[in-house]
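Engineer: Next up is a structure, given as structure tokens.
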Amino acid sequence: MQIGKPAPPDEIIDRDNEVESILKRLQSKISYNIAVTGHRRIGKSSILHKVLHILSRDEKSVVVYFDVQKNIGEPRTFLTSLQAAIFNAFVKKLGRFGKTKARASKIASSITDVLSSKRIKGIGIQINPGAIPEDFSVMPRIEFEQKEAAYAKIFEMVFSTANAIAEKNRVIIILDEFQEIMQLKRYRGLKNILDLFRGIIQERHKNVSFVICGSRVHLLRTILSDGRSSLFSHFVELSVGEMDEKNSILLFNEYLAARGLGQNSKIAKEAFELVGGQPYYLMVLAEAWEPKKQIADTFVDSLTLSVGALRLYSEYVLAEDVAAAQGGPMLRSILAVLARSEGGLGYAGIARSLGAQASELVPYVSELIKTDLLIKTKSGYAIRDRIIRQYLRLNLD
């Protein structure tokens with residue numbers, strides 16, 4: 001159990017329904033595409049890793065896990081990394097060959113045969129030897145043309161290798177932090193990246209399913225639900241929310257036990273009341289709390305001390321999200337005003353606090369909604385995350 005990392009499959013708490021829902025669709029005779037949405041550190045990757053763990057035990061399933069955010073960059077590196085992920089997922093299904101120098105050629109031959117069966121040109125494979133014969137790696141060899149417009153062709157070819165593998169296997173491609181793929185739009189030939197991906201989905205083999213995941217909830221839902229979007233109606237959405245009180249207390253207690261502190265359901269319940277059922281926040285408090293100390297004091301310290309985990313996390317989120325929005329200092333001014341409000345404020349209330357015209361605030365509020373910092377409430381607009389709101393309250397006074 002580690003803070004900030006996906007939970008091991010056998011340690012995940014309170015996500016059985018989500019895991020079962022994904023598995024039920026992926027193992028059905030219908031080729032579903034699934035979108036898993038949820039805010040940062042809510043447990044999406046833990047769910048996907050458990051799905052990956054279960055499906056990987058099926059001899060007929062090739063499961064590709066690819067973190068778009070970690071691999072995003074210029075197209076050559078991105079596409080090569082994606083192709084490597086597809087090849088290596090397939091290699092796991094060739095485990096009967098073992099990892100010896102003699103059998104490495106058999107693996108290469110198997111992949112080459114798959115590519116040849118669909119006449120996929122421009123993509124090959126190379127085996128990189130390791131220090132010992134049993135240790136080697138499989139890497140793709142992609143023939144990139146000089147013209148940047150050819151990136152679109154390579155993009156389609158990489159996914160066509162999954163179609164070739166799907167002739168004899170069920171292929172599931174998991175794309176974590178999928179919304180980051182939009183960064184490829186700045187490259188010639190990939191400006192219509194969502195149109196290209198729609199083409200991939202529409203032309204996929206019947207044995208291929210996609211699972212996309214993202215923590216930019218507003219952006220991802222816009223991509224999936226806006227009638228003008230290329231991906232409209234192509235995915236079934238599964239929303240991941242906070243844990244309930246019972247499982248939040250269970251998680252907190254398990255973390256305390258892992259620290260050798262036993263269990264304390266009273267403290268665990270108080271922690272839940274402070275941060276809700278957000279697993280990352282619960283684990284942060286469980287890590288910071290010490291016996292004989294009030295959990296409320298631990299919470300405040302974590303938000304205000306220079307090395308406090310919740311303070312550092314809040315500053316990271318604000319720095320990243322405000323930087324992603326357009327509006328400069330005005331964005332932080334709006335957040336500061338809303339942090340001091342209880343149920344949220346409308347445009348008029350924000351404008352009075354800032355001495356501005358309500359009409360001037362519309363584009364700024366819209367930007368903050370796009371980055372998931374704000375949500376619409378009955379009273380107007382409010383900071384979505386209670387920890388970010390509390391951080392601002394404690395550190396702006």
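Each value in this text was obtained by applying a stated rule to the coordinates, not by laboratory testing. Remember, it's a predicted structure, so these values are computed and weren't measured experimentally. Note that each Cβ is placed from the backbone with ideal geometry, even for glycine, and that neighbours are counted across all protein chains shown.
Engineer: Kyte-Doolittle mean at least 0.0 and Cα extent at least 24 Å along the axis: which DSSP H helices of the chain qualify?
Structural biologist: 75-92, 101-117
Engineer: Right, something else. Using +1 at the Cβ of each Lys and Arg and -1 at the Cβ of each Asp and Glu in the range 256-397, identify which of Leu345, Gln326, Ser359 lies farthest towards the dipole's positive end.
Structural biologist: Checking the options against the dipole of the range 256-397, the answer is Leu345.
Engineer: What does the net charge come to around Asp301 if you take all other residues with beta carbon closer than 13 Å to its beta carbon, with K and R at +1 and D and E at -1?
Structural biologist: Summing Lys/Arg as +1 and Asp/Glu as -1 gives -1.
Engineer: Then there's this: For the range 276-385, just the Cα atoms, rotate onto the principal axes and tell me the three extents in Å, largest first.
Structural biologist: Taking max minus min along each principal axis of the Cα atoms, the range 276-385 gives 51, 26, 23 Å.
Engineer: Same structure, new question: Treat every Asp and Glu Cβ in the chain as -1 and every Lys and Arg Cβ as +1, leave all other atoms uncharged, and give the resulting dipole magnitude about the Cα centre to the nearest 20 debye.
Structural biologist: 1240
Engineer: Can you compute the equivalent ellipsoid semi-axes for the chain, i.e. the square root of 5 times each eigenvalue of the Cα gyration tensor, sorted largest first and rounded to whole Å?
Structural biologist: Here the semi-axes work out to 42, 28, 18 Å.
Engineer: Now for a separate question. Any idea which of Tyr281, Phe299, Ser265 is furthest toward the positive side of the dipole for the range 245-304, if Lys and Arg beta-carbons carry +1 and Asp and Glu beta-carbons -1?
Structural biologist: Ser265
Engineer: Also: Any chance you could list the semi-axes, whole Å, largest first, of the equivalent ellipsoid that the Cα gyration tensor gives for the range 325-396, using √(5λ)?
Structural biologist: After diagonalising the Cα gyration tensor, the semi-axes are 16, 13, 12 Å.
Engineer: Oh, and also: Which value at 222 nm does the chain reach when only helices count, each DSSP H run of 4 or more adding -39,500 (n - 2.57), with the total divided by all residues and rounded to the nearest 500 deg cm²/dmol?
Structural biologist: Working: 17 runs with 200 residues, N = 397.
Mean residue ellipticity at 222 nm (helix-derived): -15500 deg cm²/dmol.
Engineer: Roughly what % of Cα-Cα distances in the range 245-304 sit above 20 Å, to the whole percent?
Structural biologist: 10
Engineer: Still on this structure, please answer the following. If amide H atoms are built 1.01 Å from N in the plane of the peptide, which residues on other chains or at least 5 residues away come under 5 Å of the amide H of Val171?
Structural biologist: Sorted by chain and number, the residues that satisfy this are Val62, Val208, Ser209.
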